[in-house]
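Engineer: Can you read through this structure? Questions will come right after.
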Amino acid sequence: MSNELEKFDELIDGIPDELKTKAVGFLGELVGQPLREVGNIVFDNIRYLRVKNQVNLLIKAREYFTSNGIQPKKIPMQILVPLLEQGSLEEDETLSKKWTALLINASKDEGYTVRPSYLDILKQLTPLEAKILDYLYDAYIDFDFPLRHVKKRTYREFNITEKDLLICVDNFLRLKLWNSELPDKLYEIISKMGEEQEKLGLILYEKTTYSFTVLGKDFIKSCRTK
């Protein structure tokens, strides 16, 4: 038994059984499966789900190398350990495939360089953002694009709200996946505008031209398999 679990068992000893039951029941809802006991069993359930995700990730990567007759190369520990750790937390199929692709490309001897920062970027993307990135990358990989064009495409393809799209845009800029012709300081001003100036901010967003950064292009390639 690990020290962490021993400490957890000690801490919950003084908690009334009724509260334990309610807390564990709610945790079960968050995990997505019933949890009827506290202490080690709770952690074992969560750990099992993570290990299961890790195994699936490794099996899918192995199947790729086997089916393509490729011998995987050694992956640096600074990439492998956090990749498996973070990949074990992912339950969404879209993002899970990207963690698998990162693992595969990190182990391919074809000039790929999966940088540690790519792991940090991927874990900060939602499934919707990942889909939008892929969709727009295929459409605008070598071109600048105004937001008004992006809006038409994404609204039609993903049925999202204007607010959701603008949040995606802000995140892509924050992660340095996109370039913008507007300076960063102006984006800070727009983000702090009150409701009366909100329309002006939206106009500036729509008239702005964006493009994928070198980092953005390489990140997306690293999250794909041929």
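The values are calculated or read from the model by the stated rules, or taken from the named source; none is laboratory data. This is a predicted model, so every value here is computed, not measured. Heads up, the Cβs are rebuilt from the backbone with ideal geometry, glycines too, and the neighbour counts pull from every protein chain shown. Remember, those area values only see protein heavy atoms, side chains included, never the ligands or the DNA or RNA. Shrake-Rupley method; radii C 1.70, N 1.55, O 1.52, S 1.80 Å.
Engineer: Taking the residues in the stretch 137-186 that are open to solvent by 60 Å² or more (accessible area, probe 1.4 Å) and among the polar types (S, T, N, Q) as candidates, determine which candidate is farthest from Lys221 (Cα to Cα). Don't jump to the end; show me each part of the working.
Structural biologist: So in the stretch 137-186, the residues open to solvent by 60 Å² or more (accessible area, probe 1.4 Å) come out as 138, 142-144, 148-149, 152-153, 155-157, 159, 161-164, 167, 170, 174, 176, 179, 181, 183-185.
Then drop every residue that is not among the polar types (S, T, N, Q), which leaves 159, 161, 179.
Numbers: Asn159: 25, Thr161: 27, Asn179: 17 Å.
The qualifying residue farthest from Lys221 (Cα to Cα) is Thr161.
Engineer: Among the candidates Asp120, Asp134, Asp92, single out the residue that is closer than 27 Å to Leu173 by Cβ, without any contact (Cβ under 8 Å) to a residue 12 or more places away in the chain, open to solvent by 20 Å² or more (accessible area, probe 1.4 Å) and of a type outside the set (S, T, N, Q).
Structural biologist: Being closer than 27 Å to Leu173 by Cβ, without any contact (Cβ under 8 Å) to a residue 12 or more places away in the chain, open to solvent by 20 Å² or more (accessible area, probe 1.4 Å) and of a type outside the set (S, T, N, Q) holds for just one of Asp120, Asp134, Asp92, which is Asp120.
Engineer: Being in a helix (DSSP H, G or I) and of a type in the set (S, T, N, Q) is the filter; apply it to the stretch 55-72 and report the residue that is surrounded by the fewest Cβ atoms within 10 Å (Cβ to Cβ).
Structural biologist: That would be Ser67.
Engineer: For the stretch 106-117, check the following and say yes or no: at least one residue is at pLDDT 90 or above, among the hydroxyl-bearing types (Ser, Thr, Tyr) and either in contact with a Pro (Cβ under 8 Å, 6 or more places away or on another chain) or open to solvent by less than 70 Å² (accessible area, probe 1.4 Å) (or both).
Structural biologist: yes
Engineer: Conditions: (1) modelled with pLDDT of 90 or more; (2) of a type outside the set (D, E, K, R); (3) open to solvent by 30 Å² or more (accessible area, probe 1.4 Å). Thr100 meets all but one. Number of the miss?
Structural biologist: (3)
Engineer: For residues that are charged (D, E, K, R) and either at pLDDT 70 or above or surrounded by 15 or more Cβ atoms within 10 Å (Cβ to Cβ) (or both), scanning just the stretch 187-226, find the one that is nearest to Leu95 (Cα to Cα). Reasoning before the result, please.
Structural biologist: Initial filter on the stretch 187-226 (charged (D, E, K, R)): 188, 192, 195-196, 198-199, 206-207, 217-218, 221, 224, 226.
Filter once more, keeping what is either at pLDDT 70 or above or surrounded by 15 or more Cβ atoms within 10 Å (Cβ to Cβ) (or both): 206-207, 217-218, 221, 224, 226.
Numbers: Glu206: 28, Lys207: 31, Lys217: 17, Asp218: 17, Lys221: 14, Arg224: 11, Lys226: 17 Å.
By that ranking, first place goes to Arg224.
Engineer: Report yes if Ala139 is closer than 29 Å to Gly69 by Cβ and not aromatic (Phe, Trp, Tyr), otherwise no.
Structural biologist: No.
Engineer: Quickly run through the stretch 73-89 and pick out the residues that are open to solvent by 20 Å² or more (accessible area, probe 1.4 Å) and of a type outside the set (A, V, I, L, M, F, W, C).
Structural biologist: Lys73, Lys74, Pro76, Gln78, Pro82, Glu85, Gln86
Engineer: Search the stretch 168-194 for residues that are under 15 Å from Thr126 (Cα atoms) and of a type in the set (A, V, I, L, M, F, W, C) and pair each with any residue that is open to solvent by 50 Å² or more (accessible area, probe 1.4 Å) and modelled with pLDDT under 60 when their beta-carbon atoms are under 9 Å apart and the residues are at least 6 apart or on different chains.
Structural biologist: Leu173/Asp184
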